[in-house]
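Everything on this sheet refers to the single structure shown next.
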Ligand SMILES: Cc1ncc(C[n+]2csc(CCOP(=O)(O)OP(=O)(O)O)c2C)c(N)n1
Ligand SMILES: [Mg+2]
């Protein structure tokens with residue numbers, strides 16, 4: 001196992017896939033000569049050339065649509081959208097073309113594209129650069145949505161996404177590219193569906209995905225050492241489809257659930273997980289499930305307001321203590 | 001421009017340059033956060049066009065490189081700096097930040113962070129001005145790479161079809177972040193892309209404020225006289241990286257040197273000195289005064305201003321007490 005950074009893991013996966021299959025291409029703004037805004041394509045332009053590592057114009061709907069069209073006849077594009085905030089502009093092609101073409105052609109066509117994009121609130125980037133859009137993507141049939149919480153998942157999910165014949169949206173995070181973690185030395189394909197138990201526990205399940213997995217793990221350590229509460233942490237790396245069986249199994253064991261999400265509560269991961277709990281294991285519950293979510297505001301620039309708008313490990317701790325009547 | 005105008009604009013441009021350089025320092029000191037895009041090198045664009053237009057009266061909209069445009073429209077530099085500091089006294093009350101300077105009182109309709117977003121907004125403002133019978137025009141400043149968004153073409157088409165009073169100013173600095181224009185764009189000369197819409201278009205040297213002014217005068221007069229949209233391309237260069245997080249490593253050094261010899265402020269200064277309108281000492285005194293103003297008034301104000309209260313996090317999300325929220329008889 002080598003320790004590498006999240007961006008290095010993504011770079012390695014893309015490098016391997018480009019080397020293996022001449023139909024794999026990488027495209028996006030500044031992915032070529034500049035090596036990618038977050039270095040995820042560093043050195044690939046030099047290695048594979050301008051025909052396969054493509055610097056695009058600032059035409060998100062255009063180049064995403066072009067990638068989708070190429071995928072119709074056998075190209076395997078990995079499209080990097082510099083930030084999810086810019087993916088709004090490509091929604092038409094992602095939703096109306098990629099997600100629907102298999103269905104509306106009665107299975108004749110498919111769009112095996114990978115769309116990678118970082119979301120999340122970084123530091124003071126303001127309202128138009130702080131979107132968390134996973135909830136928008138996961139609501140559309142025909143599209144897979146995964147969101148790696150560590151370098152191992154990042155590597156393995158990119159690998160599987162490139163090979164999978166469905167369109168896959170990979171929701172990354174601007175603050176996680178430099179995170180370090182172990183990645184297997186041999187080739188590794190992470191499942192596109194399912195969930196992972198990131199920490200075993202008995203008393204309550206903390207559901208997280210992407211960055212919020214880390215809040216949950218931090219909260220779990222604190223609650224174990226300071227309050228004797230044993231939290232299970234479930235990593236929902238697949239947001240579409242969500243792992244109904246995994247959610248049910250953990251809640252049936254702990255009988256309590258808290259969902260931590262960086263996005264605003266309405267129509268979100270939290271509301272969806274709650275609905276699944278309701279449908280799958282309502283009678284297992286010892287307490288009403290709780291969401292830890294962002295405040296429902298455009299993200300402010302001011303650092304204090306920004307901090308107040310976005311939850312973190314502390315908020316997860318508070319939610320657990322409240323659930324256990326300790327606060 | 002009269003000699004007095006030129007002297008005034010020289011000071012204004014110098015002020016803008018020093019203001020931006022001070023922002024750089026404040027960013028390094030971590031007083032300013034987020035993304036910060038600075039304007040040095042391109043000053044003659046905003047100033048030349050706005051000298052030909054009516055600042056505070058005409059409506060201006062732009063992207064994220066917006067501080068100087070706002071100030072030229074009449075925004076108080078203290079409020080702009082306070083915004084960068086995230087303070088309650090900032091032009092957007094600390095909620096917006098560098099990429100979202102707004103001063104609606106002075107008809108500065110904002111800085112927007114999504115490339116290409118302002119094109120249709122500018123056309124919409126022009127539509128509103130036309131409906132109101134106003135003699136103000138709508139002016140949209142954007143970069144070269146923004147023209148690769150569909151909104152560019154969609155907006156030009158609508159502006160022409162509906163004969164809207166909008167002036168599109170393209171500040172062509174040859175790069176979109178690290179990508180040189182010829183690698184992303186079919187033609188370097190952006191004005192050529194407009195011919196398909198039968199909109200008059202011109203290109204001029206964006207480093208020479210007198211040339212910008214002359215070209216902008218024709219453009220502004222055209223739009224104001226009701227003849228519809230106009231496209232003005234200004235060839236320019238930014239002296240710093242795209243933003244503070246840009247290494248700026250992708251530009252050839254001799255290209256940078258060539259453009260630094262065409263500094264819009266130095267060019268105007270030397271011309272005024274040659275014409276004996278000012279002396280080098282006058283210029284130096286001007287610079288000292290500008291630096292003092294920035295330090296003693298603007299930075300002090302930003303530093304001393306209060307931060308917004310966390311209790312007001314949800315203010316401005318929706319209208320306060322809108323009577324129709326509850327329906328009933330009105
Ligand atoms: C829709 C969208 N895509 C990508 C970006 C990232 N981005 C910000 S500025 C920029 C380059 C824009 O270049 P140009 O229009 O020439 O303006 P300049 O910065 O050179 O003034 C890019 C790609 C963005 N902000 N919005
Ligand atoms: Mg540019």
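The figures follow:
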{"read-out": "Matching residues in region A:98-138 - criterion: being more than 11 Å from the chain's Cα centre (by Cα), in a loop (DSSP other than H, G, I, E, B) and under 17 Å from residue A:171 (Cβ atoms)", "value": "A:99, A:113, A:121, A:122, A:125, A:130, A:131"}
{"read-out": "Residue match in region A:105-124 (condition: within 13 Å of ligand 1 (Cβ to nearest atom), modelled with pLDDT of 95 or more and closer than 28 Å to residue B:154 by Cβ)", "value": "yes"}
{"read-out": "Residue list for region A:171-199, filter: without any contact (Cβ under 8 Å) to a residue 40 or more places away in the chain and in contact with a strand residue (DSSP E or B) (Cβ under 6 Å, 6 or more places away or on another chain)", "value": "A:199"}
{"read-out": "Region A:298-327: number of residues that are out of contact with any strand residue (DSSP E or B) (no Cβ under 8 Å at 6 or more places or on another chain), farther than 23 Å from residue A:253 by Cβ and part of a loop (DSSP other than H, G, I, E, B)", "value": "7"}
{"read-out": "Candidates A:59, A:83, A:71, filtered to the one that is crowded, with 20+ Cβ neighbours inside 10 Å and free of Cβ contacts under 8 Å to residues at least 12 places away in the same chain", "value": "A:59"}
{"read-out": "Residue match in region B:118-127 (condition: within 16 Å of ligand 2 (Cβ to nearest atom) and either at pLDDT 95 or above or in contact with a strand residue (DSSP E or B) (Cβ under 9 Å, 6 or more places away or on another chain) (or both))", "value": "yes"}
{"read-out": "From the options B:80, B:49, B:28, residue that is within 14 Å of chain A (Cβ to nearest Cβ) and at negative phi", "value": "B:80"}
{"read-out": "Matching helices (runs of 4 or more DSSP H) fully within region B:105-201 where at least 3 residues are within 14 Å of ligand 1 (Cβ to nearest atom), away from chain A (no Cβ under 13 Å) and without any contact (Cβ under 8 Å) to a residue 12 or more places away in the chain", "value": "none"}
{"read-out": "Cβ-Cβ under 7 Å pairs, at least 6 apart or on other chains, region A:126-137 side closer than 24 Å to residue B:85 by Cβ, far side part of a loop (DSSP other than H, G, I, E, B) and within 12 Å of ligand 1 (Cβ to nearest atom)", "value": "A:126/B:113; A:128/B:112; A:128/B:113; A:128/B:114; A:129/A:83; A:129/B:35; A:129/B:113"}
{"read-out": "Breaking point among (1) touching a strand residue (DSSP E or B) at 6+ places or on another chain (Cβ under 8 Å); (2) within 16 Å of ligand 2 (Cβ to nearest atom); (3) assigned to a helix (DSSP H, G or I), for residue B:70", "value": "(2)"}
{"read-out": "Whichever residue in region A:84-97 is within 14 Å of chain B (Cβ to nearest Cβ) and within 18 Å of the chain's Cα centre (by Cα) and, among such residues, is nearest to ligand 2 (Cβ to nearest atom)", "value": "A:86"}
{"read-out": "Verdict on residue B:54 being within 16 Å of ligand 2 (Cβ to nearest atom), outside any helix (DSSP H, G or I) and either over 26 Å from residue B:312 (Cα atoms) or within 14 Å of another protein chain (Cβ to nearest Cβ) (or both)", "value": "no"}
{"read-out": "Top-ranked residue of region B:158-194 - restricted to ones that are more than 16 Å from ligand 2 (Cβ to nearest atom) and within 28 Å of residue B:264 (Cβ to Cβ), ranked as surrounded by the fewest Cβ atoms within 10 Å (Cβ to Cβ)", "value": "B:192"}
{"read-out": "Qualifying residues in region A:64-83 (those that are within 11 Å of ligand 1 (Cβ to nearest atom) and in contact with a helix residue (DSSP H, G or I) (Cβ under 8 Å, 6 or more places away or on another chain)) - the one nearest to the other protein chains (Cβ to nearest Cβ)", "value": "A:83"}
{"read-out": "Qualifying residue in region B:213-231 (condition: touching a residue at least 12 places away in the same chain (Cβ under 8 Å) and within 15 Å of ligand 1 (Cβ to nearest atom))", "value": "yes"}
{"read-out": "Yes/no for residue A:141 being surrounded by fewer than 24 Cβ atoms within 10 Å (Cβ to Cβ), more than 15 Å from the chain's Cα centre (by Cα), at pLDDT 95 or above and within 14 Å of chain B (Cβ to nearest Cβ)", "value": "no"}
{"read-out": "Residue among A:279, A:272 that is touching a residue at least 40 places away in the same chain (Cβ under 8 Å) and out of contact with any helix residue (DSSP H, G or I) (no Cβ under 6 Å at 6 or more places or on another chain)", "value": "A:272"}
{"read-out": "Residues (surrounded by 15 or more Cβ atoms within 10 Å (Cβ to Cβ) and without any contact (Cβ under 8 Å) to a residue 40 or more places away in the chain) located in region A:222-239", "value": "A:224, A:230, A:232, A:233, A:234"}
{"read-out": "Region A:43-59: number of residues that are over 19 Å from residue A:87 (Cα atoms) and within 13 Å of chain B (Cβ to nearest Cβ)", "value": "3"}
{"read-out": "Flag for residue B:256 being at pLDDT 95 or above, surrounded by fewer than 23 Cβ atoms within 10 Å (Cβ to Cβ), within 16 Å of ligand 1 (Cβ to nearest atom) and assigned to a helix (DSSP H, G or I)", "value": "yes"}
{"read-out": "Check on residue B:94, away from ligand 1 (no atom under 12 Å from the Cβ), over 17 Å from residue A:88 (Cβ atoms) and assigned to a helix (DSSP H, G or I)", "value": "no"}
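The values are calculated or read from the model by the stated rules, or taken from the named source; none is laboratory data. Computed from a predicted model, the values in this text were never measured in an experiment. In this analysis, Cβ positions are derived from the backbone assuming ideal geometry, glycine residues included, and neighbour counts consider all displayed protein chains.
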